[in-house]
Structures are given as structure tokens and as C-alpha cells.
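Visitor: Quick one: the structure is below, questions incoming.
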Amino acid sequence: MERFNLKKLNQVEGKEQYHAEISNSFAALENLDTEVDVNKTWETIRENIKMSAKESLGYYEPKKHKLWFDEGCSKLLDQRKHAKLQSLQDPSDLNGDNQNIRCETRRHFRNKKREYLKDKIDELAMNSKNKNIRDLYRGINDFQPSSNLVKDENGDLLADSHNIFNRWRNYFPQLLNVHRFSDVKQTEIDTAEPSIPDPSPFEFESATAKLKRYKSPGSDQIPAELTQAGGEILCSKIHKLITSIWHKEKLPDQWKDSIIVPVH
């Protein structure tokens, strides 16, 4: 999944370029009718945001992990396997060669691991020196071991992928459907709802400014940073859409989607 290069928004030039793309993109939609259909209106706004971000910010280049196990390690491993096979067929002749290859392979692997760890430590030290906190924590987290084990209803660990899948499939209905509608006692209360004014532009701007940064986006793939950096014209378009939703009491279908990511 491609991610927008949000780091450019931290630079004056990148932020201005994105703002200019947003302004040009929405200039042709000056008469966008938010009263027609909230789904179509949201789709238009969403696609213009994503297109503007693509043109001005681009995407992150996939980070290539520099693993210590390289082509040289692979060749040595093949030689060790071949020598082992030969020694099993004729133990008398190749025992010495097999032992030498095993020692050379272990020594090479050990040195490659040390070089890899030294490079990682130097990278962490540089990020710490430059106050690059996000990359620093990401690098630290790379050293933390991960486990794909899941506990069942009795607390026993599950390692098989099929059993883990079935556990998640049974877990969420239990989590999200604790009470059925018929099991919950309904109490009817007659109330006279007070008249609440439409959301003001100030309320929308204030709520947008409070959105947390560096969070994964929803199904629309629009992170909070793109909305916050969109400027007055984007705020105006989204505010008009929210006002229309307020009156119609109907949300765009995509706003009802939820993404559940199991963390285990």
C-alpha cells in the first residue's frame, strides 16, 4: 500500500506546493453542490485531496531492509550443505574439509552480524543526535522480538495459523456482540430535543487542529496531516459537507467503515 510522503509537509516548500495543488484542484469545483448527494460530494473531495497529495508530495519509497544475510552467506551455506552431504557419503576423506567449511561459515556469519549491528547502532546514534525521534524509535522497535502466538479461551497458546484464524473469527463476535438487541431492556423516555445550531467553521477548524498526527489513515487513505495542511479552501469544502450531513442526518457510506487490525 502506497503512503504519501508526509515529511515534505514539514518543509515550507512542500507545504506551499501541496496548498497550491489543493487550491487549483478545488478552484474548478467552486460550485460544488453538497446538497445533491453526500456520497458523491465526499468522493469528489477525497479524490481531489489524494490527487493533490500525489502531485505535490509523492509517495514514500519502500525502505529496503539491510539484512546481514547476503549472497556471500548464501554461497557459504550451500558449500557447507554440500560438504556435509559428501562427508555422510564418505566420512573418511572429507571430515577435515567439512570441519574447515563449518568454521569458516560460522566465522563469516558472526562477522556479518557484528557489522550489521554496528551499522544499526550508528544509525540510531545519528538519529538521536539529530533529534529525529520518530526514526529513532522505529529503529529501536526493530530490535524487539515479535510473536505471532495467540491465546485461546482457556489461556493456552496457539501457534498454528489455522487455529489462530479461527480464534480471531470467534473472538470478534464475542467482543462486539455482548448483548443482543432483544436482551437489553429498553426504556422509553420522551424528551424534547433542544435546537442545536449548525457546526461552525471555527468548530471544524478547532477539531481538525486537534487530530493526532502520524496515525494510520482509514479506508479513504487520507491521513490527518493532509486535512490540516489543506488551508482555508479545503476546510470550507469539508465544512459545507458536514453541514449538509448535519441537516440530512446521513453519513457518507465510507465514513461508516471500520478497519480492525489484530495486534498480537
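Visitor: Determine which member of the set I245, I260, I196 is of a type in the set (V, I, T) and at pLDDT 90 or above.
Guide: Of I245, I260, I196, the one residue that is of a type in the set (V, I, T) and at pLDDT 90 or above is I245.
Visitor: Kindly list the number of the only condition in (1) modelled with pLDDT under 80; (2) surrounded by 11 or more Cβ atoms within 10 Å (Cβ to Cβ); (3) not in a helix (DSSP H, G or I) that fails for D190.
Guide: Single failed check for D190: (2).
Visitor: Follow-up question, since we're still on this one. What residue, among those in segment 113-129 that are touching a Gly at 6+ places or on another chain (Cβ under 8 Å) and of a type in the set (D, E, K, R), is modelled with the highest pLDDT?
Guide: E123
Visitor: Quick check on segment 82-97: of everything there that is surrounded by 12 or more Cβ atoms within 10 Å (Cβ to Cβ) and modelled with pLDDT of 75 or more, which residue is nearest to E71 (Cα to Cα)?
Guide: H82
Visitor: Here's a follow-up. Quick check on this structure: which one of K40, K66 is at pLDDT 85 or above and of a type in the set (K, R)? Spell out how you get there, then give the answer.
Guide: Details: K66 fails: at pLDDT 85 or above.
Result: K40 is the single residue among K40, K66 that is at pLDDT 85 or above and of a type in the set (K, R).
Visitor: I need a count of the residues in segment 122-144 that are surrounded by 12 or more Cβ atoms within 10 Å (Cβ to Cβ) and β-branched (V, I, T).
Guide: 1
Visitor: A further question on this structure: For residues in segment 201-217 being touching a helix residue (DSSP H, G or I) at 6+ places or on another chain (Cβ under 7 Å) and not in a loop (DSSP other than H, G, I, E, B), which is surrounded by the fewest Cβ atoms within 10 Å (Cβ to Cβ)?
Guide: A209
Visitor: Looking at segment 141-176, which of the residues that are modelled with pLDDT under 80 and aromatic (F, W, Y) is farthest from V261 (Cα to Cα)?
Guide: Selected residue: F143.
The values are calculated or read from the model by the stated rules, or taken from the named source; none is laboratory data. None of these values were measured; they are calculated from a predicted model. FYI the Cβ positions are ideal-geometry reconstructions off the backbone, even for glycines, and counts take in every protein chain you see.
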